[in-house]
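The next block holds one structure in the form of C-alpha cells; read it before the comments.
What follows is calculated from the coordinates using simple rules that are stated; it is not laboratory data. Everything numeric in this text was worked out from a predicted model, so none of it was measured. Glycine gets a Cβ as well: all are built from the backbone with ideal geometry, and neighbour counts include every protein chain shown.
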C-alpha cells in the first residue's frame, strides 16, 4: 500500500463506511458475530423474529444477543428491510400487471382487427347489387345490441343496459313483423322476402 493510500485509509470517516441501506453490514456496528446474528434475525419471518429465537438458533447467550441487538439497532434495521422487501414485491407486481394489461390490449386489438375485417366483408356482401344474403331480424337486433354495448364500453358508459329489451324471447316471425312495423312507421317498408 502506498503512503497516500495508507493515510487515506486511516482517515476514512464513519459516514463514508456506512452502508447504503440500514439492513446491510455496518462496519462500525457489526462485528463478524454480530453481523451473522443480525442476518439470522433479519431473515426470519417478522412474526418469528425475536432475540430469544436468535439465541436459541445460534446457541448464544440471550444477554449477548440482547446487547448485539441493542447496539446494532436490529429492530429498526429489520423493519427497514421489511419495508424494502414490500416495495420490491409491489414493484414486481405492478410490472407484471402492466405486462399483462399490454398483452390483453394487444389481444383485444387483434380480435377487433379480425372483427372489423369480417364486418366489412359482410357489409360489402350485403351492399352488392342483387345480393341475396340478408340477415334475419334476430341477427340484426343482436348486431345492434352488440354495437351499442361496445360503443358504450369504449366511451366508458355503463354497459349493463343498452336501452333494448331482451328480444330473445320473441320468434323470428315476431321480430320480422316488428321490423316491418318499424319500417312502415319510417316510410321505408319493403315487400316481405322469404327467408
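Order by neighbour count: 174, 145, 20, fewest other Cβ atoms within 10 Å first, most last.
20, 174, 145
Using the 10 angstrom Cβ neighbour count as an exposure proxy, how do 59, 136, 99 rank, fewest first?
Ranked by crowding around the Cβ, least crowded first: 59, 99, 136.
List the extent of the Cα atoms of the stretch 38-78 along each of their three principal axes, largest first, rounded to whole Å.
So the three principal-axis extents are 21, 20, 13 Å.
Show me the three semi-axes of the equivalent ellipsoid for the stretch 86-137, from the C-alpha gyration tensor (sqrt of 5 times each eigenvalue), largest first, rounded to whole Å.
Equivalent-ellipsoid dimensions as semi-axes: 45, 9, 4 Å.
At a 10 angstrom cut-off on C-beta neighbours, averaged per residue, how do the peptides 68-80, 107-119 rank from highest to lowest?
Averaged packing, sorted descending, gives the order 68-80, 107-119.
Using a 7 Å offset from the Cα along the Cα-to-Cβ direction at both residue 109 and residue 150, what is the distance between the two label points in nm, to one decimal?
Simple spin-label model gives 1.7 nm for this pair.
When a footprinting reagent is the concern and you count Cβ atoms within 10 Å, what order do 148, 65, 28 take, fewest first?
Ranking 148, 65, 28 by Cβ neighbours within 10 Å, fewest first, gives 28, 148, 65.
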